[in-house]
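Worksheet: the structure to be examined is printed underneath.
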Amino acid sequence: MSDKTLRNGVFSKMDANHKKAVILLFEDKLTDEQIAKEVHRSRTTLAKWKKDKDFQEAEREYRSLAIDSYVPDAIKQIHKLATGAKSEMVRLQSSTTILNMAGYSADGDSPEMSKQSVRKAKAEADIAEAKAREINEATGDNTRIVINNNVPKEDENADS
């Protein structure tokens, strides 16, 4: 979330008590009763705030801001594990996480290649369905399917 969005967002326009309530709710260390006391309001008032659309939007804005601020440290920690963990499995998982975050899937395909594979599979399914429909329309109701279960296995033919 950009600084411009925060300056123009709902959170920035709230009074100090609303902002404090949003922050305390995000931190999730206090009960609603305790948060209400911290902002000098009743539990009922806090409950009303939590139902308010603007308050909910402010919570989303703050959550996004807070989580974005954790990303650099998280990436540093993952890199530290990828390069220095004693366990080979931890190093592998950390490296895989970094590659996935960079846009590569576990099998080495880029997200664009994965999308293309999905499109190709859907197109092939559509073609197969169209061919099946065409065969059904061409043959009509007089089609008879015969299944022969008496086909000898290869090793039974080897004696001949």
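Throughout, read-outs are computed from the coordinates displayed, never taken from laboratory work. Since this is a predicted model, take the numbers as computed values, not measurements. We place every Cβ from the backbone using ideal geometry, glycine too, and count neighbours over all the protein chains shown.
Listed values, structure above:
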| quantity | calculated |
| --- | --- |
| Most to least packed among 91-103, 13-25 [average Cβ atoms within 10 Å] | 13-25, 91-103 |
| Per residue convex hull volume, Cα atoms of segment 15-69, in Å³ | 70 |
| Alpha-carbon Rg/Rh ratio, for segment 3-102, with Rh computed the Kirkwood way | 1.18 |
| Within segment 82-102, backbone nitrogen closer than 20 Å to the virtual label 7 Å beyond the Cα of residue 115 toward Cβ | 99-102 |
| Directionally averaged projected area (convex hull, Cα atoms, segment 36-95), nm² | 6.4 |
| Cross-link partners of residue 50 among lysines (Cα-Cα below 26 Å; sequence separation of 8 or more within a chain) | 4, 13, 19, 20, 29, 37 |
| Within straight-line cross-link reach of residue 120, lysines at Cα separation under 25 Å, skipping those fewer than 8 residues along the same chain | 131 |
